[in-house]
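For reference, the structure discussed in these notes is given below.
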Amino acid sequence: MSYIQIKEDSKIEVPDNATIGFIEGDGIGPDISRAAISVINSAIEVAYKGEKSIEWKKILGGDEAFEKTGKHLPQESIDELKKCVISLKGPLTTPVGEGFRSLNVTLRQYFDLYANVRPVKYFPGVPSPVKHPEHVDMVVFRENTEDLYAGIEWRYDSEEAKKLRWYLRENFQVKLTDDTGIGIKPISKFKSQRLVRKAIQYAIAHRRKSVTLVHKGNIMKFTEGAFKDWGYEVASSEFKDNTITESEFLKGTPSAWRVVIKDRITDNMFQQILTRTDEYDVIATTNLNGDYLSDAIAAQVGGLGIAPGANIGDVYAIFEAVHGTAPKYAGMDVANPTSLILSGGMLLRHIGWTLAADILDAAVTSAYADQKVTNDLARILNVKSLLCSEFGQEVIKRMKQPV
Ligand code: NAP
């Protein structure tokens, strides 16, 4: 096995026959993983003609792991994911009563995958609920480790909630009634800034127009508002030569290219993504805002079945379908594998195999343009549907070297 190496500066060194981990996933996971892996392998073959390849290392997770080991995420799987550095993951059922809320959240926290990255753009041919889905071309960077995902909350009748209510009353004159559950929303400078830094680095590397900091700082000044302030601070202190604030920009176009840094309050942002769609590009936001916003943006271009995602830290990264296990379609070979296929495209870009990623994206675009689609979209378009595996083959058939 040729594992990816981590260099001293935390950058990765990718061998030509790289070992990449994959967790098949539950429900439709095995079907979409099979389709996605054959599409990714073919894109690499078309791009590099045997000079590069991926050796896929299957890692147990979810229901299959539970059946074989009695644990949904055994330690050996965590060790393997660590060894592989980069992995692809199908959707996992959230097990009930195993001591943690979700395998996905556990993985994100264990590997400190602090940026949930979700690019959303329109594929012509996909049915959309809006008039101009082609205006959507956004990349959401959602903070992945604090805020909602810190998971700090207590039931109204727990000892902890009682103690906290007492403490707040005695020390801060905050009076909460005895039927009040309590949650804590932690947002730190370090974690906000590393997320915004990643978003700005991405925007600069991909020559994107703007980074919008989305927050609810008018109401929560010291968490959401601080996120915005710390975001602007990163831009001005670390990216002075490549960024400009929106207010400066509006005074006059700069002589050299700059990423415009702006901010929007969350509720306003939800209407702006519909009414002024093409004014938004890269978005950096807190955990809960990002949760809602990324699904709302994905809905404009045809929903979660075709939206890719990645969880990226400073070293490790896990690329995944953003939808769930859709259990009613398990084993039927009818699910839409596009989300996982495009997440594979993101993975290829992440390891620097850009030509293969371009070939993969172009082939998916071409299949959609000809309305070669799985049942989820065929039933809306009223066209013949392809099986999950047939869709994968259709994409592979359309792969070619760019001219
Ligand atoms: P879901 O699995 O995303 O499925 C909800 C519905 O969305 C399906 O019934 C289906 O709609 C449609 N759908 C989703 N993915 C599809 C695909 N690839 N192809 C075709 N249709 C697709 O959401 P859920 O039912 O709320 O969650 C089920 C399980 O997944 C839960 O255990 C949840 O915790 C887990 N989950 C995991 C992840 C993850 O691993 N990242 C994310 C979300 C949820 P129709 O019925 O209309 O055809």
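Being more than 10 Å from the ligand (Cβ to nearest atom) and not in a loop (DSSP other than H, G, I, E, B) holds for only one residue in Val364, Val315, and it is Val364.
Looking at Ile359 and the list (1) more than 23 Å from Lys52 (Cα to Cα); (2) crowded, with 19+ Cβ neighbours inside 10 Å; (3) more than 10 Å from the ligand (Cβ to nearest atom); (4) β-branched (Val, Ile, Thr), which single condition is not satisfied? The failed condition is (1).
Scanning the stretch 146-161 for residues that are aromatic (Phe, Trp, Tyr) and in a helix (DSSP H, G or I) yields one hit, Tyr149. Listed here are the helices (runs of 4 or more DSSP H) enclosed by the stretch 197-295 that have at least 3 residues being in contact (Cβ under 8 Å) with a residue 24 or more places away in the chain: 224-238, 266-275.
Yes/no per residue for (1) without any contact (Cβ under 8 Å) to a residue 40 or more places away in the chain; (2) of a type in the set (Asp, Glu); (3) surrounded by fewer than 17 Cβ atoms within 10 Å (Cβ to Cβ); (4) over 22 Å from Pro91 (Cβ atoms):
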position: Gly331; (1), (2), (3), (4): no, no, yes, no
position: Ala335; (1), (2), (3), (4): no, no, no, no
position: Ile341; (1), (2), (3), (4): no, no, no, no
position: Ala363; (1), (2), (3), (4): no, no, no, yes
position: Leu377; (1), (2), (3), (4): no, no, no, no
position: Cys388; (1), (2), (3), (4): no, no, no, no
position: Phe391; (1), (2), (3), (4): no, no, no, no
position: Pro402; (1), (2), (3), (4): no, no, yes, yes
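Modelled with pLDDT under 95 and among the hydrophobic types (A, V, I, L, M, F, W, C): is that true of Ala298 in this structure? It is true that Ala298 is modelled with pLDDT under 95 and among the hydrophobic types (A, V, I, L, M, F, W, C).
When the test is whether a residue is more than 16 Å from the ligand (Cβ to nearest atom) and over 16 Å from Val130 (Cα atoms), Asp278 does not pass it. Evaluated against (1) farther than 20 Å from Ile86 by Cα; (2) near the ligand (Cβ under 10 Å from one of its atoms), Ala321 falls short on exactly one condition, (1). Somewhere in the stretch 180-189, is a residue loosely packed, with under 14 Cβ neighbours inside 10 Å, closer than 27 Å to Met346 by Cα and out of contact with any strand residue (DSSP E or B) (no Cβ under 9 Å at 6 or more places or on another chain)? Taking every residue of the stretch 180-189 in turn, none turns out to be loosely packed, with under 14 Cβ neighbours inside 10 Å, closer than 27 Å to Met346 by Cα and out of contact with any strand residue (DSSP E or B) (no Cβ under 9 Å at 6 or more places or on another chain).
No other residue among Ser343, Ser389 is in a helix (DSSP H, G or I) and either more than 16 Å from the ligand (Cβ to nearest atom) or under 18 Å from the mean Cα position of the chain (by Cα) (or both) apart from Ser343.
Of the helices (runs of 4 or more DSSP H) contained entirely in the stretch 9-117, those carrying at least 3 residues that are more than 12 Å from the ligand (Cβ to nearest atom) and in contact with a Gly (Cβ under 8 Å, 6 or more places away or on another chain) fall at 29-48, 75-84.
The set of residues in the stretch 153-179 being exposed (fewer than 12 other Cβ atoms within 10 Å of the Cβ) and touching a Leu at 6+ places or on another chain (Cβ under 7 Å) consists of Val174 alone.
Per-residue answers, yes or no, for (1) aliphatic (A, V, I, L, M); (2) within 16 Å of the ligand (Cβ to nearest atom); (3) closer than 21 Å to Gly324 by Cβ:
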position: Val120; (1), (2), (3): yes, yes, yes
position: Val139; (1), (2), (3): yes, no, no
position: Tyr149; (1), (2), (3): no, yes, yes
position: Arg155; (1), (2), (3): no, no, no
position: Leu168; (1), (2), (3): yes, no, no
position: Gln173; (1), (2), (3): no, no, no
position: Asp178; (1), (2), (3): no, no, no
position: Ile182; (1), (2), (3): yes, no, no
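The values are calculated or read from the model by the stated rules, or taken from the named source; none is laboratory data. Model, not experiment: these values are computed from the prediction. Every residue, glycine as well, gets a Cβ built from its backbone with ideal geometry; the counts of neighbours run over all protein chains shown.
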